[in-house]
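Every read-out reported here was derived from the displayed coordinates using simple, explicitly stated rules and does not represent laboratory data. The structure displayed is predicted, hence computed values, not measured ones. Cβ atoms come from the backbone with ideal geometry, glycine included; neighbour counts cover every protein chain shown.
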Amino acid sequence: MEILSTGEKIKRARIYKGYTLKDLCEEKISVSKMSCIENDKIKPEEWILDFIAEKLQIDSRYLKQDIRDQVIKNVKDIEKHRNSNKYEDSLEYNLAFIEEYSYYDISFDIMHLLFNYYLDENKIEKIQLVMSKYYDYLQKCFSEERAATYYMDIAR
C-alpha cells in the first residue's frame, strides 16, 4: 500500500533495472529533464511515460496513476477489510499522506471512516482528538452532502 509519486516510481524502477539516467533517456529525453521528473519538479508528458514504461518494462497505467488516485484506491481496498486489525492504521497512514497534498475532499472521506470506526470501537479519546480536524476538512471542501454526513456522524 506504499504511495509513490510518478517520479519515485520511475527512479525505483530505473535503479532496480540498473539503468543510469542517460541509459533511460537515450536520445529522446534530456537527462536534466528526466532528473526533474524523478525529483517531482515537473510533470512528464504522456509520451514520456509511455516511453519510460516500455523501456523499464512496467505498466504505463501504473506510472500514470498519481498520488490522489493511489489513495482513493487504497481507501476502497481498506473499506473492504473493515474487520482487519490494520484498518485504523491503514486509514491513518493514508490520511497523513494525503494531508501533505491538501486533498481535503479525500481527507474528509477518510476522516468520516475513522470517526465512525472510533465510535463503533468506543474510542472516545480518539474522537475528541479528531473532531476539530474533521470539522476543518468539512469547511475546506464544503458541500451540502458532506455537511449532512458530518452532522449525522456528530449526532451519533
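Quick rundown of the values:
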| item | result |
| --- | --- |
| Debye, to nearest 20: dipole size of region 24-98, +1 on Lys, Arg Cβ, -1 on Asp, Glu Cβ | 160 |
| Cα-centred dipole magnitude for region 6-64, charges only on beta-carbon of K, R (+1) and D, E (-1), debye, nearest 20 | 200 |
| Whole-Hz couplings from phi, Karplus 6.51/-1.76/1.60, listed for region 122-136; x for Gly and Pro | 6, 9, 4, 4, 5, 4, 4, 6, 9, 4, 5, 5, 4, 5, 4 |
| Phi-based couplings in Hz for region 66-74 (Karplus 6.51, -1.76, 1.60; Gly and Pro marked x) | 7, 4, 4, 5, 5, 5, 4, 5, 4 |
| Region 6-64: relative contact order in percent, alpha carbon pairs under 8 Å with at least 6 residues between | 40 |
| Angle in degrees between helix 144-155 and the longest Cα principal axis of the chain, rounded to the nearest 10 | 50 |
| Kirkwood Rh, angstrom, region 24-156 [1 / mean 1/r, Cα pairs] | 17.2 |
| For the chain, size of Cβ-based charge dipole, Lys and Arg +1, Asp and Glu -1, in debye | 380 |
| Residue of GLN65, GLN57, GLN139 that the Gaussian network model of the chain assigns the largest fluctuation, springs spanning Cα pairs under 10 Å | GLN57 |
| Long-range HN-HN contacts of ASP40 with modeled amide H, under 5 Å | GLY7 |
| Angle in degrees between helix 46-56 and the longest Cα principal axis of the chain, rounded to the nearest 10 | 70 |
| Residue-wise HN-Hα coupling along region 18-34, computed from phi with Karplus coefficients 6.51, -1.76, 1.60 (Hz; x: Gly, Pro) | x, 8, 8, 4, 5, 4, 5, 6, 6, 9, 8, 10, 6, 4, 5, 5, 5 |
| Contact order normalised by residue count of the chain, Cα under 8 Å, 6+ apart, percent | 17 |
